[in-house]
Amino acid sequence: MLSTQVAQLRQGVPAGLADADAVVAGFDDALVGGFARVGDEAATALAALADAVAGTPLRDRVAEAVGKVTAGSFSQEDLAALAGARLALLGAAHDALLGQFDAALGRERASWTAPVGVPAEGSAARGAARAWLHETAVAGWRGVDHELLSAAGAPVEAALAEPALRRLAVLLDGLAAELQASLPVAMMSQVPARRWADLWSRAVLLAQNWSVPGDESETITGRLLPLGVDLHEHGTTVQVQVHGVLEPADGQPARLVRTAVAAAKVETITGPAVWRLLQAHPNLLAALAQRRVLTVTDLPLHGGDLRWLDAQARAGEQADPFATARLLLAPAIAAATAPLDRHPTAIAEPVLLEGYTTRQDDDGLTVEWDDQQLPVAVDRLPAAGPLTPALVAASSCCLGLLRWDGGRWLVQPLAVRATVKRKPVEAHNGDWAEGVTDPKVAKVEAKAGDAVAVLRERAGRLLRR
(Lines give C-alpha, C1' and ligand atoms only; values in the text may rest on other atoms or scores of the structure.)
Protein backbone atom coordinates (compact mmCIF):
# COMPACT_ATOMS: atom_id res chain seq x y z
CA MET A 1 0.00 0.00 0.00
CA LEU A 2 1.71 3.19 -1.20
CA SER A 3 1.51 6.78 0.02
CA THR A 4 -0.59 7.77 -3.01
CA GLN A 5 -3.22 5.20 -2.05
CA VAL A 6 -3.22 6.42 1.55
CA ALA A 7 -3.61 9.96 0.23
CA GLN A 8 -6.68 8.93 -1.79
CA LEU A 9 -8.25 7.37 1.29
CA ARG A 10 -7.52 10.31 3.59
CA GLN A 11 -8.52 13.06 1.16
CA GLY A 12 -11.51 11.53 -0.55
CA VAL A 13 -13.99 11.12 2.30
CA PRO A 14 -17.39 10.45 0.64
CA ALA A 15 -19.77 13.39 0.46
CA GLY A 16 -22.59 13.32 2.98
CA LEU A 17 -20.84 10.90 5.33
CA ALA A 18 -20.72 13.36 8.23
CA ASP A 19 -24.38 14.31 7.68
CA ALA A 20 -25.48 10.66 7.74
CA ASP A 21 -23.48 10.06 10.91
CA ALA A 22 -25.08 13.07 12.57
CA VAL A 23 -28.58 11.82 11.73
CA VAL A 24 -27.82 8.38 13.18
CA ALA A 25 -26.28 9.96 16.28
CA GLY A 26 -29.44 12.02 16.79
CA PHE A 27 -31.62 8.91 16.64
CA ASP A 28 -29.28 7.11 19.06
CA ASP A 29 -29.51 9.98 21.53
CA ALA A 30 -33.30 9.88 21.30
CA LEU A 31 -33.20 6.18 22.17
CA VAL A 32 -31.20 6.96 25.31
CA GLY A 33 -34.18 8.79 26.80
CA GLY A 34 -36.74 6.40 25.37
CA PHE A 35 -39.87 6.92 23.33
CA ALA A 36 -42.40 7.03 26.17
CA ARG A 37 -42.39 10.81 26.03
CA VAL A 38 -40.52 12.32 23.12
CA GLY A 39 -39.17 15.82 23.76
CA ASP A 40 -38.48 18.54 21.23
CA GLU A 41 -34.85 17.54 20.68
CA ALA A 42 -35.72 13.88 20.14
CA ALA A 43 -38.61 14.81 17.84
CA THR A 44 -36.23 16.90 15.72
CA ALA A 45 -33.79 13.97 15.53
CA LEU A 46 -36.54 11.57 14.44
CA ALA A 47 -37.75 14.03 11.81
CA ALA A 48 -34.17 14.26 10.50
CA LEU A 49 -34.14 10.47 10.10
CA ALA A 50 -37.31 10.65 8.02
CA ASP A 51 -35.85 13.46 5.90
CA ALA A 52 -32.67 11.47 5.30
CA VAL A 53 -34.61 8.64 3.59
CA ALA A 54 -37.14 10.90 1.85
CA GLY A 55 -35.66 10.05 -1.55
CA THR A 56 -35.97 6.28 -1.03
CA PRO A 57 -38.82 3.74 -1.00
CA LEU A 58 -38.73 3.98 2.81
CA ARG A 59 -40.02 7.56 2.74
CA ASP A 60 -43.74 7.12 3.50
CA ARG A 61 -43.37 4.28 5.98
CA VAL A 62 -40.64 5.99 7.99
CA ALA A 63 -42.45 9.32 8.00
CA GLU A 64 -45.55 7.56 9.35
CA ALA A 65 -43.50 5.79 12.03
CA VAL A 66 -41.83 9.04 13.11
CA GLY A 67 -45.22 10.70 13.44
CA LYS A 68 -46.58 7.88 15.63
CA VAL A 69 -43.51 7.73 17.87
CA THR A 70 -43.54 11.49 18.33
CA ALA A 71 -47.24 11.31 19.21
CA GLY A 72 -46.54 8.59 21.77
CA SER A 73 -48.60 5.81 20.17
CA PHE A 74 -46.49 3.43 18.11
CA SER A 75 -46.33 -0.26 17.29
CA GLN A 76 -43.58 -2.84 16.86
CA GLU A 77 -43.87 -2.33 13.09
CA ASP A 78 -43.13 1.37 13.53
CA LEU A 79 -39.94 0.54 15.42
CA ALA A 80 -38.94 -1.86 12.64
CA ALA A 81 -39.32 0.99 10.12
CA LEU A 82 -37.07 3.25 12.20
CA ALA A 83 -34.48 0.50 12.70
CA GLY A 84 -34.55 -0.16 8.95
CA ALA A 85 -34.02 3.52 8.12
CA ARG A 86 -31.11 3.71 10.55
CA LEU A 87 -29.52 0.62 9.02
CA ALA A 88 -30.09 2.00 5.52
CA LEU A 89 -28.10 5.14 6.36
CA LEU A 90 -25.27 3.17 7.91
CA GLY A 91 -25.33 0.77 4.98
CA ALA A 92 -25.04 3.64 2.53
CA ALA A 93 -22.08 5.00 4.49
CA HIS A 94 -20.49 1.54 4.46
CA ASP A 95 -20.92 1.21 0.70
CA ALA A 96 -19.50 4.69 0.04
CA LEU A 97 -16.43 4.02 2.19
CA LEU A 98 -15.85 0.60 0.68
CA GLY A 99 -16.21 2.07 -2.80
CA GLN A 100 -13.58 4.66 -1.92
CA PHE A 101 -11.29 1.91 -0.61
CA ASP A 102 -11.74 -0.25 -3.72
CA ALA A 103 -11.02 2.72 -6.00
CA ALA A 104 -7.86 3.64 -4.09
CA LEU A 105 -6.44 0.11 -4.06
CA GLY A 106 -7.92 -1.15 -7.32
CA ARG A 107 -9.63 -4.03 -5.51
CA GLU A 108 -12.26 -5.95 -7.46
CA ARG A 109 -15.40 -6.80 -5.53
CA ALA A 110 -18.21 -9.20 -6.39
CA SER A 111 -21.78 -7.88 -6.50
CA TRP A 112 -24.49 -9.04 -4.11
CA THR A 113 -26.66 -11.63 -5.86
CA ALA A 114 -28.49 -13.39 -3.02
CA PRO A 115 -32.27 -13.86 -3.40
CA VAL A 116 -34.63 -11.27 -1.96
CA GLY A 117 -36.26 -12.18 1.32
CA VAL A 118 -39.97 -12.90 1.65
CA PRO A 119 -42.47 -12.74 4.53
CA ALA A 120 -42.36 -15.85 6.70
CA GLU A 121 -44.85 -17.54 9.00
CA GLY A 122 -45.12 -15.88 12.39
CA SER A 123 -42.87 -17.20 15.14
CA ALA A 124 -43.63 -17.06 18.86
CA ALA A 125 -39.94 -16.62 19.60
CA ARG A 126 -39.65 -13.70 17.20
CA GLY A 127 -42.81 -12.18 18.67
CA ALA A 128 -41.41 -12.41 22.20
CA ALA A 129 -38.19 -10.76 21.07
CA ARG A 130 -40.06 -7.92 19.35
CA ALA A 131 -42.16 -7.34 22.46
CA TRP A 132 -39.07 -7.05 24.69
CA LEU A 133 -37.31 -4.76 22.23
CA HIS A 134 -40.46 -2.61 22.08
CA GLU A 135 -40.47 -2.25 25.87
CA THR A 136 -36.78 -1.40 25.83
CA ALA A 137 -37.37 1.37 23.28
CA VAL A 138 -40.21 2.77 25.39
CA ALA A 139 -38.05 2.84 28.53
CA GLY A 140 -34.86 4.02 26.79
CA TRP A 141 -31.41 3.14 28.07
CA ARG A 142 -31.78 5.50 31.03
CA GLY A 143 -35.00 3.74 32.01
CA VAL A 144 -33.70 0.17 31.95
CA ASP A 145 -34.10 -1.65 35.27
CA HIS A 146 -33.80 -5.16 36.75
CA GLU A 147 -37.43 -6.00 35.95
CA LEU A 148 -37.04 -5.20 32.26
CA LEU A 149 -33.78 -7.14 31.98
CA SER A 150 -35.15 -10.18 33.79
CA ALA A 151 -37.88 -10.31 31.14
CA ALA A 152 -35.22 -10.84 28.46
CA GLY A 153 -34.69 -14.44 29.59
CA ALA A 154 -37.91 -15.74 28.02
CA PRO A 155 -37.29 -14.46 24.45
CA VAL A 156 -33.64 -15.57 24.61
CA GLU A 157 -34.63 -19.09 25.69
CA ALA A 158 -37.35 -19.26 23.03
CA ALA A 159 -34.99 -18.09 20.28
CA LEU A 160 -32.29 -20.55 21.34
CA ALA A 161 -34.77 -23.38 20.83
CA GLU A 162 -35.00 -22.54 17.11
CA PRO A 163 -31.73 -23.12 15.20
CA ALA A 164 -32.59 -20.42 12.66
CA LEU A 165 -32.84 -17.84 15.48
CA ARG A 166 -29.56 -18.55 17.27
CA ARG A 167 -28.07 -15.32 15.96
CA LEU A 168 -30.98 -13.36 17.40
CA ALA A 169 -30.75 -15.24 20.70
CA VAL A 170 -27.06 -14.50 21.16
CA LEU A 171 -27.59 -10.86 20.24
CA LEU A 172 -30.43 -10.40 22.74
CA ASP A 173 -28.50 -12.21 25.45
CA GLY A 174 -25.43 -10.07 24.86
CA LEU A 175 -27.38 -6.81 24.89
CA ALA A 176 -29.19 -7.77 28.09
CA ALA A 177 -25.89 -8.77 29.72
CA GLU A 178 -24.26 -5.44 28.83
CA LEU A 179 -27.22 -3.52 30.20
CA GLN A 180 -27.24 -5.63 33.37
CA ALA A 181 -23.56 -4.94 33.93
CA SER A 182 -24.19 -1.20 33.50
CA LEU A 183 -27.03 -0.83 36.01
CA PRO A 184 -28.05 1.67 37.12
CA VAL A 185 -27.76 3.12 33.62
CA ALA A 186 -29.42 6.32 34.82
CA MET A 187 -26.32 7.04 36.88
CA MET A 188 -23.84 6.56 34.02
CA SER A 189 -22.04 9.75 33.04
CA GLN A 190 -21.92 8.62 29.41
CA VAL A 191 -24.02 5.92 27.74
CA PRO A 192 -22.53 3.92 24.82
CA ALA A 193 -25.44 5.11 22.69
CA ARG A 194 -24.04 4.08 19.29
CA ARG A 195 -23.12 0.55 20.35
CA TRP A 196 -26.40 -0.19 22.14
CA ALA A 197 -28.43 1.31 19.30
CA ASP A 198 -26.49 -0.87 16.84
CA LEU A 199 -27.35 -3.98 18.86
CA TRP A 200 -30.96 -2.95 19.37
CA SER A 201 -31.66 -2.09 15.72
CA ARG A 202 -29.96 -5.27 14.48
CA ALA A 203 -32.06 -7.34 16.89
CA VAL A 204 -35.27 -5.57 15.81
CA LEU A 205 -34.63 -6.49 12.17
CA LEU A 206 -33.60 -10.07 12.96
CA ALA A 207 -36.82 -10.49 14.94
CA GLN A 208 -39.06 -9.71 11.96
CA ASN A 209 -41.08 -12.50 10.33
CA TRP A 210 -38.90 -12.60 7.26
CA SER A 211 -36.82 -15.28 5.58
CA VAL A 212 -34.55 -15.76 2.59
CA PRO A 213 -35.66 -18.58 0.25
CA GLY A 214 -33.24 -21.31 -0.73
CA ASP A 215 -29.67 -21.92 0.37
CA GLU A 216 -27.37 -18.99 -0.30
CA SER A 217 -24.22 -21.03 0.36
CA GLU A 218 -22.04 -22.85 -2.13
CA THR A 219 -19.52 -25.57 -1.41
CA ILE A 220 -15.96 -25.02 -2.47
CA THR A 221 -12.75 -27.03 -2.71
CA GLY A 222 -9.28 -25.56 -3.04
CA ARG A 223 -6.28 -24.10 -1.24
CA LEU A 224 -6.68 -21.62 1.61
CA LEU A 225 -3.62 -19.45 2.19
CA PRO A 226 -3.99 -17.61 5.53
CA LEU A 227 -3.00 -13.95 5.64
CA GLY A 228 -3.61 -13.19 9.29
CA VAL A 229 -5.67 -13.77 12.41
CA ASP A 230 -8.04 -11.36 14.14
CA LEU A 231 -8.75 -12.49 17.72
CA HIS A 232 -11.97 -11.37 19.40
CA GLU A 233 -12.05 -12.00 23.12
CA HIS A 234 -14.88 -11.21 25.54
CA GLY A 235 -15.63 -12.30 29.06
CA THR A 236 -17.66 -15.34 28.01
CA THR A 237 -16.45 -16.15 24.50
CA VAL A 238 -13.44 -16.11 22.22
CA GLN A 239 -13.42 -16.12 18.42
CA VAL A 240 -10.50 -16.59 16.05
CA GLN A 241 -11.22 -15.07 12.65
CA VAL A 242 -8.82 -16.02 9.86
CA HIS A 243 -8.47 -13.82 6.77
CA GLY A 244 -7.00 -15.49 3.73
CA VAL A 245 -6.91 -16.07 -0.01
CA LEU A 246 -8.82 -19.06 -1.39
CA GLU A 247 -7.67 -20.60 -4.66
CA PRO A 248 -10.57 -22.73 -5.97
CA ALA A 249 -9.61 -26.15 -7.33
CA ASP A 250 -11.75 -25.60 -10.46
CA GLY A 251 -9.49 -22.79 -11.68
CA GLN A 252 -11.79 -19.87 -10.86
CA PRO A 253 -10.13 -16.60 -9.76
CA ALA A 254 -8.74 -16.42 -6.24
CA ARG A 255 -11.08 -14.97 -3.61
CA LEU A 256 -10.62 -13.08 -0.39
CA VAL A 257 -12.37 -15.05 2.35
CA ARG A 258 -12.52 -15.31 6.10
CA THR A 259 -13.37 -18.17 8.39
CA ALA A 260 -13.90 -18.28 12.13
CA VAL A 261 -14.03 -20.69 15.05
CA ALA A 262 -15.26 -19.83 18.52
CA ALA A 263 -15.60 -21.25 22.01
CA ALA A 264 -17.37 -20.34 25.22
CA LYS A 265 -15.19 -19.40 28.18
CA VAL A 266 -15.14 -17.81 31.60
CA GLU A 267 -13.54 -14.49 32.50
CA THR A 268 -10.58 -16.15 34.26
CA ILE A 269 -9.37 -17.66 30.97
CA THR A 270 -7.48 -14.91 29.17
CA GLY A 271 -4.39 -14.34 27.07
CA PRO A 272 -2.62 -17.29 25.40
CA ALA A 273 -4.76 -19.77 27.37
CA VAL A 274 -7.75 -19.08 25.08
CA TRP A 275 -6.10 -21.10 22.31
CA ARG A 276 -6.54 -24.26 24.40
CA LEU A 277 -10.31 -23.80 24.13
CA LEU A 278 -10.08 -24.32 20.36
CA GLN A 279 -8.38 -27.73 20.29
CA ALA A 280 -11.34 -29.18 18.38
CA HIS A 281 -9.80 -27.55 15.29
CA PRO A 282 -6.27 -29.01 15.18
CA ASN A 283 -5.75 -28.61 11.44
CA LEU A 284 -6.58 -24.92 11.54
CA LEU A 285 -4.42 -24.30 14.61
CA ALA A 286 -1.48 -26.16 13.03
CA ALA A 287 -1.74 -24.11 9.84
CA LEU A 288 -1.74 -20.86 11.82
CA ALA A 289 1.11 -21.74 14.18
CA GLN A 290 3.27 -23.27 11.46
CA ARG A 291 2.19 -20.86 8.66
CA ARG A 292 0.99 -23.57 6.31
CA VAL A 293 -1.44 -23.80 3.41
CA LEU A 294 -4.76 -25.52 4.07
CA THR A 295 -6.36 -27.82 1.50
CA VAL A 296 -10.12 -27.63 2.04
CA THR A 297 -12.77 -29.94 0.59
CA ASP A 298 -16.44 -29.09 0.11
CA LEU A 299 -16.59 -26.32 2.69
CA PRO A 300 -19.74 -24.15 2.66
CA LEU A 301 -19.02 -20.61 1.46
CA HIS A 302 -21.53 -17.81 2.01
CA GLY A 303 -20.32 -14.65 0.31
CA GLY A 304 -16.85 -14.19 1.76
CA ASP A 305 -17.47 -16.29 4.88
CA LEU A 306 -16.16 -19.84 4.85
CA ARG A 307 -17.81 -22.18 7.34
CA TRP A 308 -15.00 -24.05 9.04
CA LEU A 309 -15.20 -27.88 9.24
CA ASP A 310 -11.82 -29.05 10.51
CA ALA A 311 -12.32 -32.65 9.35
CA GLN A 312 -12.58 -31.38 5.78
CA ALA A 313 -9.25 -29.55 5.87
CA ARG A 314 -5.64 -30.63 5.78
CA ALA A 315 -2.54 -28.58 6.56
CA GLY A 316 0.00 -28.75 3.74
CA GLU A 317 3.23 -27.03 2.77
CA GLN A 318 4.50 -23.91 4.43
CA ALA A 319 3.52 -20.55 2.94
CA ASP A 320 4.81 -17.12 3.90
CA PRO A 321 1.76 -14.86 4.50
CA PHE A 322 3.74 -11.81 3.38
CA ALA A 323 4.62 -13.52 0.08
CA THR A 324 0.97 -14.56 -0.29
CA ALA A 325 -0.08 -10.95 0.15
CA ARG A 326 2.44 -9.63 -2.39
CA LEU A 327 1.43 -12.14 -5.04
CA LEU A 328 -2.27 -12.81 -4.49
CA LEU A 329 -3.84 -9.98 -2.47
CA ALA A 330 -4.15 -7.51 -5.36
CA PRO A 331 -5.78 -9.84 -7.93
CA ALA A 332 -8.03 -11.67 -5.44
CA ILE A 333 -11.74 -10.86 -5.70
CA ALA A 334 -13.37 -9.53 -2.54
CA ALA A 335 -16.86 -10.61 -1.57
CA ALA A 336 -19.87 -8.34 -1.29
CA THR A 337 -21.22 -7.66 2.20
CA ALA A 338 -24.66 -8.93 3.19
CA PRO A 339 -27.17 -6.06 3.50
CA LEU A 340 -27.77 -6.54 7.22
CA ASP A 341 -24.01 -6.52 7.90
CA ARG A 342 -23.27 -3.24 6.12
CA HIS A 343 -21.94 -0.88 8.76
CA PRO A 344 -18.84 1.36 8.66
CA THR A 345 -17.31 -0.31 11.72
CA ALA A 346 -17.68 -3.72 10.06
CA ILE A 347 -15.15 -2.79 7.35
CA ALA A 348 -12.03 -4.94 7.79
CA GLU A 349 -10.05 -5.19 4.56
CA PRO A 350 -6.72 -7.08 4.39
CA VAL A 351 -3.82 -4.88 3.26
CA LEU A 352 -0.04 -5.14 2.99
CA LEU A 353 1.93 -2.10 4.18
CA GLU A 354 5.64 -1.84 3.33
CA GLY A 355 8.45 0.69 3.38
CA TYR A 356 7.03 2.90 6.11
CA THR A 357 8.44 4.49 9.23
CA THR A 358 6.58 4.79 12.52
CA ARG A 359 5.98 7.72 14.84
CA GLN A 360 4.74 7.70 18.43
CA ASP A 361 3.25 10.85 19.93
CA ASP A 362 0.39 11.96 22.18
CA ASP A 363 -2.12 11.04 19.47
CA GLY A 364 -0.86 7.45 19.34
CA LEU A 365 1.19 5.34 16.96
CA THR A 366 1.14 6.06 13.22
CA VAL A 367 2.84 4.59 10.16
CA GLU A 368 4.15 7.12 7.65
CA TRP A 369 5.23 7.40 4.02
CA ASP A 370 6.58 10.77 2.91
CA ASP A 371 3.90 13.20 4.10
CA GLN A 372 1.12 10.60 4.55
CA GLN A 373 0.16 9.04 7.87
CA LEU A 374 -2.10 6.16 8.88
CA PRO A 375 -3.03 5.63 12.56
CA VAL A 376 -2.42 2.20 14.09
CA ALA A 377 -5.14 0.53 16.17
CA VAL A 378 -2.81 -0.68 18.94
CA ASP A 379 -5.83 -1.18 21.21
CA ARG A 380 -6.86 -4.09 18.97
CA LEU A 381 -3.63 -6.05 19.54
CA PRO A 382 -4.67 -9.28 21.30
CA ALA A 383 -3.14 -10.59 24.52
CA ALA A 384 -3.25 -14.10 23.00
CA GLY A 385 -0.57 -13.30 20.41
CA PRO A 386 3.02 -12.04 20.29
CA LEU A 387 2.31 -8.63 18.73
CA THR A 388 2.94 -5.67 21.05
CA PRO A 389 2.86 -1.89 20.49
CA ALA A 390 6.66 -1.82 20.81
CA LEU A 391 7.08 -4.50 18.15
CA VAL A 392 4.72 -2.68 15.79
CA ALA A 393 6.60 0.56 16.43
CA ALA A 394 9.84 -1.18 15.38
CA SER A 395 8.34 -2.59 12.20
CA SER A 396 8.65 -1.57 8.57
CA CYS A 397 6.30 -4.18 7.03
CA CYS A 398 2.81 -5.06 8.20
CA LEU A 399 -0.07 -7.32 7.24
CA GLY A 400 -3.22 -5.81 8.65
CA LEU A 401 -6.87 -4.93 8.36
CA LEU A 402 -7.85 -1.48 7.19
CA ARG A 403 -10.77 -0.21 9.26
CA TRP A 404 -12.94 2.87 9.56
CA ASP A 405 -13.32 4.03 13.14
CA GLY A 406 -13.93 7.39 14.74
CA GLY A 407 -14.26 9.15 11.41
CA ARG A 408 -10.88 8.03 10.06
CA TRP A 409 -9.10 5.14 8.39
CA LEU A 410 -6.68 3.15 10.54
CA VAL A 411 -4.80 -0.13 10.34
CA GLN A 412 -5.08 -3.07 12.71
CA PRO A 413 -1.86 -5.15 12.58
CA LEU A 414 -2.17 -8.93 12.15
CA ALA A 415 1.52 -9.59 11.48
CA VAL A 416 4.69 -7.51 11.32
CA ARG A 417 8.32 -7.68 10.29
CA ALA A 418 10.57 -5.58 12.50
CA THR A 419 14.15 -5.06 13.56
CA VAL A 420 14.79 -5.59 17.27
CA LYS A 421 18.32 -5.23 18.65
CA ARG A 422 19.61 -5.23 15.06
CA LYS A 423 18.00 -8.59 14.38
CA PRO A 424 15.04 -9.26 12.04
CA VAL A 425 11.88 -10.39 13.84
CA GLU A 426 8.59 -11.63 12.39
CA ALA A 427 5.47 -12.09 14.48
CA HIS A 428 1.88 -13.13 13.66
CA ASN A 429 -1.24 -13.15 15.82
CA GLY A 430 -1.63 -16.89 15.21
CA ASP A 431 1.92 -17.88 16.23
CA TRP A 432 0.77 -19.17 19.63
CA ALA A 433 -2.09 -21.29 18.29
CA GLU A 434 -0.31 -24.49 19.35
CA GLY A 435 1.38 -23.02 22.41
CA VAL A 436 3.42 -19.99 23.45
CA THR A 437 6.75 -19.72 21.65
CA ASP A 438 8.14 -16.78 23.66
CA PRO A 439 10.17 -18.24 26.58
CA LYS A 440 9.41 -15.33 28.92
CA VAL A 441 5.66 -15.50 28.29
CA ALA A 442 5.71 -19.30 28.51
CA LYS A 443 7.40 -19.08 31.93
CA VAL A 444 4.70 -16.71 33.20
CA GLU A 445 1.98 -18.99 31.82
CA ALA A 446 3.51 -22.05 33.46
CA LYS A 447 3.74 -20.28 36.80
CA ALA A 448 0.09 -19.19 36.59
CA GLY A 449 -1.04 -22.76 35.87
CA ASP A 450 -3.38 -24.20 33.29
CA ALA A 451 -6.76 -22.65 34.10
CA VAL A 452 -8.44 -24.52 31.26
CA ALA A 453 -7.28 -27.92 32.52
CA VAL A 454 -8.33 -27.09 36.09
CA LEU A 455 -11.81 -25.99 35.04
CA ARG A 456 -12.28 -29.03 32.81
CA GLU A 457 -11.25 -31.34 35.65
CA ARG A 458 -13.68 -29.67 38.04
CA ALA A 459 -16.46 -29.81 35.46
CA GLY A 460 -15.79 -33.52 34.91
CA ARG A 461 -15.89 -34.14 38.64
CA LEU A 462 -19.27 -32.42 38.93
CA LEU A 463 -20.68 -34.45 36.04
CA ARG A 464 -19.54 -37.71 37.63
CA ARG A 465 -21.42 -36.99 40.85
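Quick rundown of the values:
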quantity	calculated
Only one of 179, 175 that is closer than 29 Å to residue 306 by Cβ and either in contact with a helix residue (DSSP H, G or I) (Cβ under 8 Å, 6 or more places away or on another chain) or at pLDDT below 95 (or both)	175
Residue identified as surrounded by 21 or more Cβ atoms within 10 Å (Cβ to Cβ), at pLDDT 95 or above and touching a Phe, Trp or Tyr at 6+ places or on another chain (Cβ under 9 Å) among 294, 299, 306	299
Matching option when the condition is in contact (Cβ under 8 Å) with a residue 24 or more places away in the chain and among the hydroxyl-bearing types (Ser, Thr, Tyr), among 73, 111	111
Selected residue [exposed (fewer than 15 other Cβ atoms within 10 Å of the Cβ), modelled with pLDDT of 90 or more and at positive phi] from 34, 72	72
Residue check for residue 120: out of contact with any Pro (no Cβ under 6 Å at 6 or more places or on another chain), within 30 Å of residue 43 (Cβ to Cβ) and in contact (Cβ under 8 Å) with a residue 60 or more places away in the chain	no
Restricting the stretch 413-425 to residues that are touching a Lys or Arg at 6+ places or on another chain (Cβ under 9 Å) and in contact (Cβ under 8 Å) with a residue 12 or more places away in the chain, the residue that is surrounded by the fewest Cβ atoms within 10 Å (Cβ to Cβ)	425
The stretch 353-385, subset buried (at least 18 other Cβ atoms within 10 Å of the Cβ) and in contact with a Phe, Trp or Tyr (Cβ under 7 Å, 6 or more places away or on another chain), residue farthest from residue 240 (Cα to Cα)	369
Qualifying residues in the stretch 28-50 (those that are of a type in the set (D, E, K, R) and in contact (Cβ under 8 Å) with a residue 24 or more places away in the chain) - the one nearest to residue 142 (Cα to Cα)	29
Unique residue being in a loop (DSSP other than H, G, I, E, B) and either over 30 Å from residue 353 (Cβ atoms) or acidic (Asp, Glu) (or both) when the list is 37, 86	37
Sole residue being touching a Pro at 6+ places or on another chain (Cβ under 6 Å) and at pLDDT 95 or above, chosen from 93, 137, 88	93
In the stretch 109-134, the residues that are surrounded by 13 or more Cβ atoms within 10 Å (Cβ to Cβ) and modelled with pLDDT of 90 or more	109, 110, 125, 126, 127, 128, 129, 130, 131, 132, 133, 134
Sole residue being among the small types (Gly, Ala, Ser), closer than 20 Å to residue 100 by Cβ, modelled with pLDDT of 90 or more and in contact with a Lys or Arg (Cβ under 6 Å, 6 or more places away or on another chain), chosen from 346, 330, 334	334
Filter pass, residue 280 being among the small types (Gly, Ala, Ser), outside any loop (DSSP other than H, G, I, E, B) and touching a residue at least 24 places away in the same chain (Cβ under 8 Å)	no
Pairs with Cβ under 8 Å, 6+ apart, first in the stretch 196-207 and outside the structural domain of residue 26 (by TED's automatic domain parsing), second surrounded by fewer than 22 Cβ atoms within 10 Å (Cβ to Cβ) and not in a helix (DSSP H, G or I)	198/343
Among the candidates 63, 42, residue that is assigned to a helix (DSSP H, G or I), in contact with a helix residue (DSSP H, G or I) (Cβ under 8 Å, 6 or more places away or on another chain) and farther than 16 Å from residue 197 by Cβ	63
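The values are calculated or read from the model by the stated rules, or taken from the named source; none is laboratory data. Please read all numbers here as calculations on a predicted model, not as lab measurements. In this analysis, Cβ positions are derived from the backbone assuming ideal geometry, glycine residues included, and neighbour counts consider all displayed protein chains.
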